[in-house]
Amino acid sequence: MPTNTQAVATAAHSGSAATEAFRESAGRRETAAADSARIDLVARDLLSRIHDVIREHHVTYAEYQAVKQWLIEVGQSGEWPLFLDVFVEHVVEEVATSDCHGSRGTIEGPYYLPGQVPLPATATLPMRDGEKGEPLVFAGQVRAVGGTPLPGVQLDIWHADADGLYSGFAPGIPAGNLRGVVTADEAGHFEIRTMLPAPYEIPKDGPTGQLIAAAGWHAWRPAHLHLMVSAPGYRKLTTQLYFDGGQWLDSDVAQAVKPELILRAQTGPDGTRHARYDFVLDPT
Ligand code: MBD
Ligand code: FE
């Protein structure tokens, strides 16, 4: 099956591409300064909780060596961004946004790429001729907490294609496919045409997928759109939107679904899906 071959070819590549993307993003990201007291506190507590798990579950030498081997493979395959964003980021996001009153955020994940094509308020995302899938029109308005419509809003959007693959992280997909930076109009309105993404499955041939299989878990995320919504003077919102009735909504491997983030899309007479979502931003 050609789809299968493509998915297998993708897997080995996506982890290292995500590590590459993360390294290149270093200058753009906030990084914590080395505060010795903070490192002492958090690192000591983290280690002591690992010690507790070993005691409670009588972890053996054989298991300890297997874990060591697996950790080496996560690094060598470049899957640390994938593994961490799937299993850890959701709690970092929860803590980071606990004081927000605007739209719910959720994790960024490993597949954001900066510098995508700028697009007007009404726009179609870059896609291949005959891009597979069902057409989707995603529209809405961006306002501040309190309801004032916001001018100068940027919506940086990226998502998987109808095979569940991301441009830049799977071979054979043109750079920038299904990615773009939309500037909303003066009243914060936008209307984005694209193709409905498919659910995403963690690659099975890397260490993250191998852990998931070995533990008997499933490796799926429900279909989703990724967005970063920003406006001068407001906190940048990083979020994802999901589709009502879609598979895996109740069991996302990355635990990043929230009920407020599920779109109820209507299907038009020509089969096009129409979904609306209004974003609310918190002031900085
Ligand atoms: C994804 O597409 C994603 O959004 C996350 C969080 C992790 C892996 C793949
Ligand atoms: Fe994703």
- Note on the structure: Along segment 140-153, Karplus-curve 3J(HN,Hα) (6.51, -1.76, 1.60; θ = phi - 60°) to the nearest Hz, with x for Gly and Pro, reads x, 9, 10, 10, 8, 3, x, x, 5, x, 9, x, x, 7
- Sort Met195, Met127 by accessible area with a 1.4 Å probe, largest first. Met127, Met195
- Message: With an 8 Å Cα cut-off and a minimum separation of 6 or more residues, compute the relative contact order for segment 1-132 in percent.
- Response: 35
- Which of Leu211, Leu136, Leu249 fluctuates most in a GNM of the chain (C-alpha springs under 10 Å)? That residue is Leu211
- Per the 1/(1 + (r/R0)^6) rule, R0 = 51 Å and r from the Cβ atoms of Ile50 and Ala139, FRET efficiency to 0.05 is 0.60
- Note on the structure: Between Gly180 and residues 5 or more places away or on another chain, the pairs with built amide H atoms under 5 Å apart involve Ile157
- For Thr106, the residues 5 or more places away or on another chain with a placed amide H closer than 5 Å to its own amide H are Thr238, Thr239, Gln240
- Message: Quick check: Cα centre of segment 161-235 to Cα centre of segment 14-70, how many Å?
- Response: 25
- Query: For Val42 and Arg264 in the same chain, what is the full-extension length gain: residue separation times 0.36 nm, less their Cα-Cα distance, in nm?
  - Reply: 75.8 nm
- Using a 1.4 Å probe, how large is the accessible area of Glu56, given in Å² and rounded to the nearest 10? 130
- Note on the structure: Put Phe22, Phe190 in order of accessible area, largest first, probe 1.4 Å, and you get Phe22, Phe190
- Message: Give the aspartates and glutamates whose C-alpha is closer than 14 Å to that of Lys132, dropping any in the same chain fewer than 8 places away, or say none.
- Response: Asp161, Asp163
- Residue-ordered couplings for segment 16-26, obtained by feeding phi - 60° into the Karplus form 6.51 cos²θ - 1.76 cosθ + 1.60 and rounding to whole Hz (Gly and Pro as x), are 5, 5, 5, 5, 4, 4, 5, 4, 5, 7, 3
- Message: Can you return the lysines within cross-link range of Lys204? Criterion is Cα-Cα under 20 Å, with same-chain partners fewer than 8 residues away left out.
- Response: Lys68
- Taking only protein heavy atoms and a 1.4 Å probe, what accessible area per residue, in Å², does segment 157-210 have with all protein chains in place? 31
- Task: Could you estimate the translational diffusion coefficient of the chain from the Stokes-Einstein equation, with Rh from the Kirkwood formula over C-alpha pairs, at 37 °C and 0.692 mPa s, in whole µm²/s?
- Result: 161
- Per-residue SASA entry for Asp99, accessible area with 1.4 Å probe, Å² rounded to 10: 90
- Query: Once amide H atoms are built 1.01 Å from N in the peptide plane, which residues 5 or more positions from Phe279, or in another chain, come under 5 Å H to H?
  - Reply: Gln141, Val142, Arg143
- In terms of Cα to Cα distance under 20 Å, which lysines are near enough to Lys236, apart from those fewer than 8 places away along the same chain? Lys258
- Query: What FRET efficiency comes out for the pair Thr272/Asp129, r = Cβ-Cβ distance, R0 = 25 Å, nearest 0.05?
  - Reply: 0.85
- Quick one: what are the phi-derived ³J(HN,Hα) couplings along segment 30-38, Karplus 6.51/-1.76/1.60 with θ = phi - 60°, whole Hz, x for glycine and proline? 6, 10, 6, 6, 6, 9, 4, 5, 5
- Task: Binning at 10 Å from 0, report for segment 45-132 what percent of all alpha-carbon pair distances ends up in each bin.
- Result: 12, 23, 30, 20, 10, 5
- Query: For the chain, what is the mean residue ellipticity at 222 nm derived from helices alone (per DSSP H run of n ≥ 4: -39500 (n - 2.57); sum divided by total residues; nearest 500 deg cm²/dmol)?
  - Reply: -9500 deg cm²/dmol
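The values are calculated or read from the model by the stated rules, or taken from the named source; none is laboratory data. As the structure is a computational prediction, the values presented were derived from the model and not from experiment. In this analysis, Cβ positions are derived from the backbone assuming ideal geometry, glycine residues included, and neighbour counts consider all displayed protein chains. Accessible surface areas use protein heavy atoms only, side chains included; no ligands, DNA or RNA. Shrake-Rupley method; radii C 1.70, N 1.55, O 1.52, S 1.80 Å.
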